[in-house]
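So the structure is just underneath, and the comments pick up after that.
All of the numbers you see were taken from the coordinates with simple rules; none came from a lab. Not measured: the values here are computed from a predicted model. For neighbour counting, all protein chains shown are included, and Cβ atoms are generated from backbone atoms with ideal geometry for every residue, glycine included.
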């Protein structure tokens, strides 16, 4: 009979969830997975390329699971929102542990939306370097305007910056055939209020429409 274990990180993340999500997750991991046949519940989704890994969908959240067949143990390792936002200004460096966590997150059902605050080139450069370290051998590629992410809700026919009106691009990193990291070298998370880029930087025009499309894309794929 399979038994269930929980990492300290999982329990910490579980305790920080919204109450309704926490209660549903607790019902699954503390009660339902401890049934005589947890595999008959229909919760587990295998992760391509990771035979011992799977995930459980819980609305906008994902539970990361490791299956230890030798000891017949189901290990609940992580629970996190499937969408994360990363932005900022100035150069930065992630720790080795942060890189491992970020790789695990996006390859186990998570989605990262990243953009340089006020189109800061130093932040964009640091992000690219970190992606190269986290995903060696993989490169972010320009997402063509024919991609569903530009027309999931709003039909976006061009991408340009607000102030300079120069052409801009969204880049993506894919895993198992879908985008898991979306990056813009220009501001995508700005408030879009008047004169919001007081630092003299720039941002993407139609940023609010792009963000709605990205949200819809993560829900549908």
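Before moving on, here are some points about what is shown:
- In this simple spin-label model, placing a label point 7 Å from the Cα along the Cα-to-Cβ direction at both residue 216 and residue 158 gives a separation of 2.2 nm.
- Contact order, relative form, for the stretch 83-220: 29 percent (alpha carbon pairs under 8 Å, 6 or more residues apart, mean separation divided by residue count).
- Tensor-based shape of the stretch 98-186 (alpha-carbon gyration tensor, a/c under 1.5 rounded, otherwise prolate or oblate): oblate
- Helix axis angle, 121-134 relative to the chain longest principal axis, alpha carbon, degrees: 30 degrees
- Rounded to 5, the percent of DSSP beta bridges in the stretch 3-80 classed as antiparallel: 80 percent
- The mean sequence separation of alpha-carbon pairs under 8 Å and at least six residues apart, normalised by the residue count of the stretch 3-80, gives a relative contact order of 36 percent.
- Out of every Cα-Cα pair that the chain contains, those further apart than 25 angstrom amount to 47 percent.
- The stretch 81-126: relative contact order as a whole-number percent, Cα under 8 Å and 6+ apart: 58 percent
- Rounded, prolate or oblate (a/c below 1.5 giving rounded, otherwise prolate when a/b exceeds b/c) for the stretch 1-100 by Cα gyration tensor: prolate
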